[in-house]
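Only the coordinates and a few stated rules stand behind these numbers; no lab work does. Just so you know, these numbers come straight off a predicted model, no measurement behind them. Cβ placement follows ideal geometry from the backbone for every residue including glycine, while neighbour counts extend to all protein chains displayed.
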RNA sequence: CGGGAAGUAGCACAACUUGGCAGUGCGCGUGGUUUGGGACCAUGAGGUUGCAGGUUCAAAUCCUGUCUUCCCGACCA
């Protein structure tokens with residue numbers, strides 16, 4: 001691309017609406033432009049990056065043996081009714097009606113349609129296995145889009161679905177896809193971790209996520225300092241190291257704790273109870289109130305709570321609901337003589353002589369023990385904490401933040417049963433197909449790369465996805481020698497299939513350097529005064545070093561760099 | 001969905017409290033001086049102040065409604 005007479009712009013100032021480094025750089029570099037909340041247009045540079053990511057994904061999917069299809073975005077709601085997901089996806093779906101008032105949704109995901117497509121082929125066990133995929137736009141009515149391209153309402157996704165005759169077949173297909181994913185993320189140049197995750201509303205038996213490690217990530221991932229354990233905090237189980245207390249069990253004791261409504265305030269009044277505080281939260285679980293007990297410094301994991309109670313809806317009860325049912329004020333609620341069922345976290349079980357609310361304003365009990373109250377349910381309902389023990393090896397756990405760029409699910413037979421996707425086995429029995437589903441968010445990959453690869457001057461693209469691999473900067477476009485050399489070089493690179501920008505704009509060199517740094521072109525060739533000696537400058541975006549080389553050698557150098565750095 | 005903030009030139013913002021010619025910086029056009037890391041001087045262009053109503057001799061400014069955007073929370077493959 002010659003910049004003169006091309007659609008190219010950059011913004012000098014930060015964009016105040018962007019709340020992420022990647023969003024800001026992508027907007028400033030003219031890669032994307034927001035059109036409404038959570039919806040962006042891809043401009044020429046951004047589209048080139050997106051296409052590069054798409055091509056890498058497509059190559060690896062094809063290599064894995066999957067076949068590409070394209071599903072509609074406009075989907076009759078009936079399909080989601082059939083799989084019983086109108087409720088579970090519910091508010092996240094964009095809904096619309098046609099002129100006959102038939103209900104449609106803009107597809108947030110496509111398990112349903114893929115199951116239908118598969119049913120066209122699947123009759124007998126001989127028709128299995130196979131894998132289909134598409135690269136297509138998804139729509140989700142996110143409550144709060146944010147972080148540039150990281151949480152969008154309209155976004156590109158690659159989704160793949162495998163179809164097998166049994167669990168063993170599914171495992172094979174799953175592994176094939178898993179390996180393809182490793183290749184994809186490797187080629188994209190993303191620094192990632194694979195973690196265990198919740199199967200959530202997709203259902204199924206196994207889910208793993210490909211998480212790009214960056215501080216802005218919305219997921220907390222748990223890693224072990226000894227083994228290679230890696231898990232999303234959603235599903236990381238806590239283990240209680242047996243800290244058998246030698247302490248003598250004491251008699252419970254009412255103590256005055258005026259105005260101490262939070263754990264911190266109670267800790268101030270009762271400093272001797274440090275590490276002995278137990279908090280009581282009132283949760284509404286499928287419309288019924290429960291008291292949830294856990295150690296003062298722990299955090300409830302609502303997913304685990306939902307699993308323990310086999311519930312769909314788990315939320316903190318509102319103040320009104322609590323007042324109606326429980327007579328105490330929030331802040332002094334406790335498990336002793338409470339009129340709602342008690343759910344206790346495992347961690348509390350090994351505690352002795354602890355402090356809880358007394359169900360009486362301005363009072364707590366200290367020296368409370370398990371025998372002082374009823375326990376209706378017990379389980380692992382909290383998040384692990386940094387420093388907790390690894391559930392696999394007992395090492396110490398630590399946290400990182402991640403962006404979920406890809407995921408893989410073993411779905412099992414949930415959708416095949418809903419859509420009657422069955423085959424005849426060799427004994428002439430009808431059997432449900434075993435499905436797997438595999439997603440990659442393209443925009444997320446793009447944004448995650450920018451989050452991971454930037455400096456004070458802008459983006460640093462890896463060769464594999466860079467919109468252009470080389471930028472030729474002409475210092476003085478009025479100088480015939482410089483311009484001739486640049487044109488010549490540009491044509492040669494182009495003929496070799498190396499995507500190149502020729503900055504032939506009549507502006508000061510500093511602006512050109514800054515622009516090329518901002519948009520992250522990996523290789524820069526500067527053509528200046530020394531062209532009369534046939535010397536040009538070569539610089540890589542990810543290095544400070546500038547080398548002067550002969551213009552006759554520059555192409556070989558460029559090819560070397562591309563070969564070296566393109567995985 | 002709850003709480004908060006903001007919409008004025010392509011971008012960032014001022015003027016609003018106390019109603020009286022629509023302003024600054026960046027960017028953009030033209031001329032000149034410059035010319036290897038976001039130049040300087042001069043001179044211009046660019047606005048239905050988000051939209052709709054109301055109050056007033058007069059509204060960017062006050063009032064009502066509405067739309068949009070952002071932040072915190074809730075929510076979230």
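The alpha-carbon atoms of segment A:329-418, seen along their principal axes, cover 51, 40, 24 angstrom, with the largest extent given first. Computing FRET efficiency as 1/(1 + (r/R0)^6) for residue A:68 and residue A:120, where r is the C-beta to C-beta distance and R0 is 22 Å, gives about 0.85. In segment A:11-112, the inverse of the mean reciprocal separation of distinct Cα atoms equals 16.9 Å; this is its Kirkwood hydrodynamic radius.
Rounded to a whole number, what is D in µm²/s for segment A:320-369 from Stokes-Einstein with the Kirkwood radius over alpha-carbon pairs (20 °C, 1.002 mPa s)?
Details: Rh = 11.6 Å.
Answer, rounded: 184 µm²/s.
With Rh defined as the Kirkwood radius, the inverse of the mean 1/r over Cα pairs, the Rg/Rh of segment A:468-565 is 0.92.
Distance distribution note for segment A:373-470: the fraction of Cα pairs above 15 angstrom is 80%. Here, P(r) means the percent of Cα pairs in each 5 Å bin from 0 to the largest distance; for segment A:75-184 it is 2, 10, 16, 17, 18, 16, 11, 5, 2, 0.
Determine the percent antiparallel among the DSSP beta bridges restricted to chain A, to the nearest 5. The partial results should precede the final answer.
On the way: 92 of 113 bridges.
Antiparallel bridges: around 80 percent, rounded to the nearest 5.
The protection proxy used here, the mean number of other Cβ atoms lying within 10 Å of each residue, ranks peptides A:264-274, A:288-298 as follows, highest first: A:288-298, A:264-274. Projected onto their three principal axes, the Cα atoms of chain A cover extents of 94, 67, 52 Å, largest first.
Quick check on segment A:59-103: what does the Kirkwood estimate of hydrodynamic radius come out to from the alpha carbon pairs, in Å? Display every interim value, and only then the final one.
Details: mean 1/r = 0.0769 Å⁻¹.
Result for segment A:59-103, one decimal place: 13.0 Å.
Once divided by 2.2 N^0.38 Å, the Cα radius of gyration of segment A:446-507 becomes 1.35. Full extension of the segment from residue A:374 to residue A:6, taken as 0.36 nm per residue of separation minus the current Cα-Cα distance, would add 125.1 nm. The angle separating the long axis of helix A:111-121 from the principal Cα axis of greatest extent in chain A is about 70 degrees. Above 20 Å, the calculated P(r) of segment A:253-379 contains 39 percent of its Cα-Cα pairs. Averaged over residues, the count of other Cβ atoms within 10 Å places the peptides A:219-228, A:248-257 in the sequence A:219-228, A:248-257, highest first. Where both bridge residues fall in segment A:253-379, DSSP classifies roughly 70% of the beta bridges as antiparallel. The packing ranking, built from the mean of other Cβ atoms within 10 Å per residue, places the peptides A:374-382, A:86-94, A:170-178 in the order A:170-178, A:374-382, A:86-94, highest first. Pairing the Cα long axis of helix A:442-452 with the longest principal axis of chain A, what angle in degrees results, from 0 to 90 and rounded to the nearest 10? With rounding to tens, the tilt is 90 degrees.
What FRET efficiency comes out for the pair residue A:313/residue A:81, r = Cβ-Cβ distance, R0 = 22 Å, nearest 0.05? Using R0 = 22 Å, I get an efficiency of 0.65. Here the ratio of the Cα radius of gyration of segment A:124-257 to 2.2 N^0.38 Å is 1.53.
Counting only Cα atoms, I'd like the Rg/Rh figure for segment A:259-313, Kirkwood definition for Rh. Spell out each step's value before the answer.
Details: Rg = 13.5 Å, Rh = 12.5 Å.
Result: Rg/Rh = 1.08.
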